[in-house]
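Peer 1: The following block contains the structure, expressed as structure tokens.
The values are calculated or read from the model by the stated rules, or taken from the named source; none is laboratory data. A quick note: this is a predicted structure, and the numbers were derived from the prediction, not measured. No Cβ is skipped: glycine too gets one built from the backbone with ideal geometry, and neighbour counts run over all protein chains shown.
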């Protein structure tokens, strides 16, 4: 089976790739997670009959942490706080002035998952002999035109990008970044479209010379 690839560059003022183990005052990973990269590609073009498999991230600016404070007004507040109309002050450690080059592969979804996708998607899939090739062509066209399915964001929805699109010539890898993350969140919905919530993790994920390569798993 031929594997088709997609790439993009994204940058912004602030990013948050939340480490689940940091609790009420979340801290960001130094690079986006597997699921975050997947979500960014799918924000440009979402196709339920193909699988986006993130391959690697190139970090193109120094890793800079910054204290961030905001007032949370969502449904996870205590019942009494919601009733009074009060908020919850959220403290976080985020990244600033970020830029990444993202790489992913596109393959058809397993046959076992096709019964979960919408009927319209199955009809579209039946009209092409290579849905991953079709996805690649449409994705690249949309990326060059600046079009998207939903606006991509850098971890948290309030952290929008200052740029997303094809690679820029002036962008280069920050080659002095080397670290190992003992445990890194991989996916929350690991079985694809309309699947149950199941948290999965990768162990000993390394960033070498500014490049994070995601461990390969069976698809």
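Peer 1: Kindly establish whether residue 54 is closer than 22 Å to residue 150 by Cβ and out of contact with any strand residue (DSSP E or B) (no Cβ under 7 Å at 6 or more places or on another chain).
Peer 2: The answer is no for residue 54.
Peer 1: Mind listing whichever residues of the stretch 141-158 are surrounded by fewer than 18 Cβ atoms within 10 Å (Cβ to Cβ) and either touching a strand residue (DSSP E or B) at 6+ places or on another chain (Cβ under 6 Å) or not in a helix (DSSP H, G or I) (or both)?
Peer 2: Correct list: 146, 147, 148, 149, 150, 151, 157, 158.
Peer 1: Still on this structure, please answer the following. Only one residue in 166, 161 is under 25 Å from residue 4 (Cα atoms) and in contact (Cβ under 8 Å) with a residue 12 or more places away in the chain. Which one?
Peer 2: Only one candidate passes the filter, namely 166.
Peer 1: Quick one: in the stretch 1-32, of everything that is within 23 Å of residue 166 (Cβ to Cβ) and over 15 Å from the mean Cα position of the chain (by Cα), which residue is surrounded by the most Cβ atoms within 10 Å (Cβ to Cβ)?
Peer 2: 4
Peer 1: Return a yes/no flag: does the stretch 84-97 have any residue that is outside any loop (DSSP other than H, G, I, E, B), under 16 Å from the mean Cα position of the chain (by Cα) and under 21 Å from residue 137 (Cβ atoms).
Peer 2: There is no residue in the stretch 84-97 that is outside any loop (DSSP other than H, G, I, E, B), under 16 Å from the mean Cα position of the chain (by Cα) and under 21 Å from residue 137 (Cβ atoms).
Peer 1: Quick check on this structure: which one of 139, 159, 164 is at pLDDT 85 or above and over 27 Å from residue 217 (Cβ atoms)?
Peer 2: Result: 159 is the single residue among 139, 159, 164 that is at pLDDT 85 or above and over 27 Å from residue 217 (Cβ atoms).
Peer 1: Just checking, which of 75, 30, 48 is at negative phi and at pLDDT 90 or above?
Peer 2: After ruling out the rest, the residue left standing is 30.
Peer 1: Let me ask something else. In the stretch 54-72, which residues are modelled with pLDDT under 95 and either part of a loop (DSSP other than H, G, I, E, B) or over 21 Å from residue 185 (Cβ atoms) (or both)?
Peer 2: Selection gives 69, 70, 71.
Peer 1: Something else: Could you check the stretch 133-157 and list, in sequence order, the residues that are under 17 Å from the mean Cα position of the chain (by Cα) and more than 20 Å from residue 61 (Cβ to Cβ)?
Peer 2: Keep residues of the stretch 133-157 that are under 17 Å from the mean Cα position of the chain (by Cα), which gives 139, 143, 148-157.
Across the stretch 133-157, the qualifying residues are 139, 143, 148, 149, 150, 151, 157.
Peer 1: Let me ask you something else. Output the number of the condition that residue 83 fails; it satisfies all remaining conditions of (1) surrounded by fewer than 18 Cβ atoms within 10 Å (Cβ to Cβ); (2) touching a strand residue (DSSP E or B) at 6+ places or on another chain (Cβ under 8 Å).
Peer 2: The single condition residue 83 does not satisfy is (2).
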